[in-house]
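The block underneath contains the structure these notes are about, expressed in structure tokens.
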Amino acid sequence: MRNDTEKEKRTGERVAHLYGVRRAEAIFLKTIVYSAAAVSGAAIFIIIAYILVSGVPHLSPELFALKYSSENVSMLPAIINTVIMTALSLIIAVPVGVFSAVYLTEYAKRGSKLVAVVRITAETLAGIPSIVYGLFGFLMFAVYFEWGYSMIGGALTLAVMILPLVMRTTEEALMSVPDAYREGSFGLGAGRLRTVFYVVLPSASSGILAGVVLGTGRIVGETAALIYTAGTVAGVPGSLFKSGRTLAVHMYALYSEGLYMDQASATAVVLLAVTALVNFFSAVVAERITK
């Protein structure tokens, strides 16, 4: 009886010790998580506050004039160019990226070496700096195709740049769809193509849209790739084969010139607002699609 009592006591002490160690680890990890969240939130708040404080006082109706001049330094042409550039890039990149992901996930043989090579290549391309894409676009579209600085060259360059992001995000979203959905559709007599379009893609729509939103944000904020492809002409181009600057390039040009610092700060506020609106409307669309 005495030995059993001592064993139970030792066991209780070990359990209490392990419980105390795990509780300390949990408190430590929880502290790290909350600290990281606080630092991230503070950094975002400081950046947004700085942009608003330095830019909002300099917003004026002249900055939204229809035509750019050295007197008004209007950003409206750049806003229009940003919308055009974003639409063109997404029209080119999203269908190619989504259907490529559909092939890799739904049609290609699982465990295929081709699929593995494509995935590694896409992940590698997603990490390449944008300046490299800019040089590629310049050599390909401006020099080889002899388009010069043009909106279409910039859109194609951005489409190539966001294609790996859209494809990998879509692929992950499709892989997260349970196989039971596919099996149930096949059991009801639907073919693979109908299953993909009516079952798999709607189920993965929120993840696909998340990739599109990330790609849109990268397009709106891109400068390096567009300086070498679309150029920095201030104004709405008459055709897609003429040069035009986006809002981010417009802000960069004003800051680099050093003559319109106040207007550049105001442009940063508008760029922040455009990005926030894109994220808001994307969230609304994703919620409606999910329902």
Among the residues of segment 254-270, are any touching a residue at least 60 places away in the same chain (Cβ under 8 Å), open to solvent by 70 Å² or more (accessible area, probe 1.4 Å) and farther than 30 Å from residue 203 by Cβ?
yes
Could you identify the single residue in 210, 253 that is modelled with pLDDT of 85 or more and aliphatic (A, V, I, L, M)?
253
Are any of the residues in segment 135-143 assigned to a helix (DSSP H, G or I), within 15 Å of the chain's Cα centre (by Cα), of a type outside the set (A, V, I, L, M, F, W, C) and within 22 Å of residue 233 (Cβ to Cβ)?
no
Show the residue pairs that are 6+ apart or on different chains and have beta-carbon atoms under 8 Å apart, the first residue being within segment 180-209 and under 12 Å from residue 106 (Cβ atoms), the second being open to solvent by 60 Å² or more (accessible area, probe 1.4 Å) and not in a helix (DSSP H, G or I).
204/176
Out of the residues in segment 21-56 meeting the condition of being aromatic (Phe, Trp, Tyr) and under 15 Å from residue 269 (Cα atoms), tell me which one is most open to solvent (accessible area, probe 1.4 Å).
50
Those helices (runs of 4 or more DSSP H) completely within segment 178-225 that have 2 or more residues that are in contact with a helix residue (DSSP H, G or I) (Cβ under 7 Å, 6 or more places away or on another chain) and buried (at least 17 other Cβ atoms within 10 Å of the Cβ) are 179-187, 205-220
Scan segment 235-244 and tell me whether some residue there is touching a residue at least 40 places away in the same chain (Cβ under 8 Å) and in a helix (DSSP H, G or I).
no
Where residues in segment 57-79 are outside any loop (DSSP other than H, G, I, E, B) and more than 30 Å from the chain's Cα centre (by Cα), which of them is surrounded by the fewest Cβ atoms within 10 Å (Cβ to Cβ)?
61
Give the residue, chosen from 127, 134, 111, that is open to solvent by 70 Å² or more (accessible area, probe 1.4 Å) and out of contact with any Lys or Arg (no Cβ under 6 Å at 6 or more places or on another chain).
111
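The values are calculated or read from the model by the stated rules, or taken from the named source; none is laboratory data. Bear in mind the structure is a predicted one, so any value in this text is a computation, not a measurement. Every residue, glycine as well, gets a Cβ built from its backbone with ideal geometry; the counts of neighbours run over all protein chains shown. Side chains included, ligands, DNA and RNA excluded: accessible areas come from the protein's heavy atoms. Shrake-Rupley method; radii C 1.70, N 1.55, O 1.52, S 1.80 Å.
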